[in-house]
Amino acid sequence: MADEKCIVGLDIGTSVIRVAIGEVDEDGNLRVIATSSKPSAGLRNGVIVNIEDAKDAIKDAVEAAEQEGGVIVSSVIASVGGAQIESENSRGVTPIRANGKNNIRAVTPEDVTKVIETATAINYPADREKIHVIPQDYLVDGIGHISDPVNRLGFKLEAEVHIVTASKTTIQNIRSCVSRAGYELNGVMLKTLAEVQAVCHEDEMELGSIIIDLGAGTTDVIVLLKGAPISTASVPVGGNIVTNDIAMVTEIPVAAAEKIKIESGCCWLPGVEVDEDVILPGVGGRAPEVIGKEYLCRIIQARMEKTFTMVKAAIIKNTNDSIKQLAGNIILTGAGANMEGIVELAQSVFKTSSVRIGIPESLGGIEEQYRNPEFATAIGLIVANKGIVEKRDSRRKSKRNTTKSKDKESVLKKLRKMFF
């Protein structure tokens, strides 16, 4: 089956590449029909360092999803994150032009376009590329908290926006890898912004929440307040450093340390039973060794606590006093969110009980495969980009029922409509 009614999300991670394929039915409902998870290659800390290796890994992951879903993929939407991402908040101002016979000054769509252009009129270095411009708020004559200013009467329109930029080289490398793998790149999307679409509830966005993506190479963060991002950041540590710590302290190979971390890892000491043991593999003829799980937990908790502390510092630095206004949740995503004790540790570091794991919302289909924090990015990519299929299928005459399509209106719609 051709992929005309399908959307393909490609999450290019440091250690794993994940793919999700969504299909839009005749009523506009999005359903997940295939996923895949394959080892990554050619990346270091979220950055492509070997085009050929990354290309092969992408091809393997997409082909596995194609086979499962019985579809032929021609294009994908890819995630981007890590240290190559930068963001800032900006403000634009424009006069509201008089219209009509009575010179009524009412905001038009053209005024909105103009004020956004004014807000984004920033001279970025030649090696940077804007990938997202997201309105945070509109103000008419100084009065804010306006989600849609069109038809409002006034003299002055202002816009506050969040701008996300990426390294041009990074985008070019992603495009090159995808193209060499045999697919068209339909667009790139900040991975944490995609995750908002998959795991965040509308009230959490309004109240103010933090999504922390615990990846292998980096830990990426997005802070939401009043329905829009106010900060995005990345710290250069992830699960791979935890693995290296285990390998170094216990004197076992990295591959064995990774296996132990996944199978027996814990990062909250009070939750470990004192009589629990972990078997370390023998190395070079050395007999296997038994250690207490408490000992393993101390190694992991020390690193994860430092990671969360770095994330907290980055959030405070980027948001100033805004962090005090956050009344929603801290939402943990990525493979690291599956570690035993991760919620309790985050609660301890951030001094709040409002921490949860970000499980992608139910979209039907093969739920047992994608309702896992590891798939938050891939699922978010297809949820946010459902409009690609709708544009592709513009000949369809029947009117879509937006309630049935499971789209979250208002806040989330405001984010989605900025991507295309």
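Some observations on this one:
Quick grid of which residues meet (1) out of contact with any helix residue (DSSP H, G or I) (no Cβ under 7 Å at 6 or more places or on another chain); (2) under 26 Å from Lys191 (Cβ atoms); (3) of a type in the set (A, V, I, L, M, F, W, C); (4) crowded, with 19+ Cβ neighbours inside 10 Å:
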| residue | (1), (2), (3), (4) |
| --- | --- |
| Leu225 | no, yes, yes, yes |
| Thr243 | no, yes, no, yes |
| Val254 | no, yes, yes, no |
| Lys261 | no, yes, no, yes |
| Cys267 | no, yes, yes, yes |
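- Residues of the stretch 270-290 classified as surrounded by 16 or more Cβ atoms within 10 Å (Cβ to Cβ) and either farther than 28 Å from Val16 by Cα or touching a residue at least 40 places away in the same chain (Cβ under 8 Å) (or both), total: 1
- Residues that are over 23 Å from Ser40 (Cα atoms), not in a helix (DSSP H, G or I) and not small (Gly, Ala, Ser), drawn from the stretch 171-227: Cys200, His201, Ile210, Ile211, Ile222, Val223, Leu224, Leu225, Lys226
- Odd one out for Lys312, checked against (1) surrounded by fewer than 14 Cβ atoms within 10 Å (Cβ to Cβ); (2) within 21 Å of Ser209 (Cα to Cα): (1)
- Filter result (in contact (Cβ under 8 Å) with a residue 40 or more places away in the chain and either part of a strand (DSSP E or B) or crowded, with 18+ Cβ neighbours inside 10 Å (or both)) within the stretch 124-151: Arg128, Glu129, Ile131, His132, Val133, Ile134, Pro135, Gln136, Asp137, Val140, His145, Pro149
- Of all the residues in the stretch 68-123, those that are touching a residue at least 60 places away in the same chain (Cβ under 8 Å) and in a strand (DSSP E or B) number 18.
This table checks each residue for (1) among the basic types (Lys, Arg); (2) assigned to a strand (DSSP E or B); (3) over 17 Å from the mean Cα position of the chain (by Cα); (4) at pLDDT 95 or above.
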| site | (1), (2), (3), (4) |
| --- | --- |
| Glu374 | no, no, no, yes |
| Val383 | no, no, no, yes |
| Ile388 | no, no, yes, no |
| Lys391 | yes, no, yes, no |
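The values are calculated or read from the model by the stated rules, or taken from the named source; none is laboratory data. Not measured: the values here are computed from a predicted model. Neighbour counts run over all protein chains shown; Cβ positions are idealised from the backbone, glycine included.
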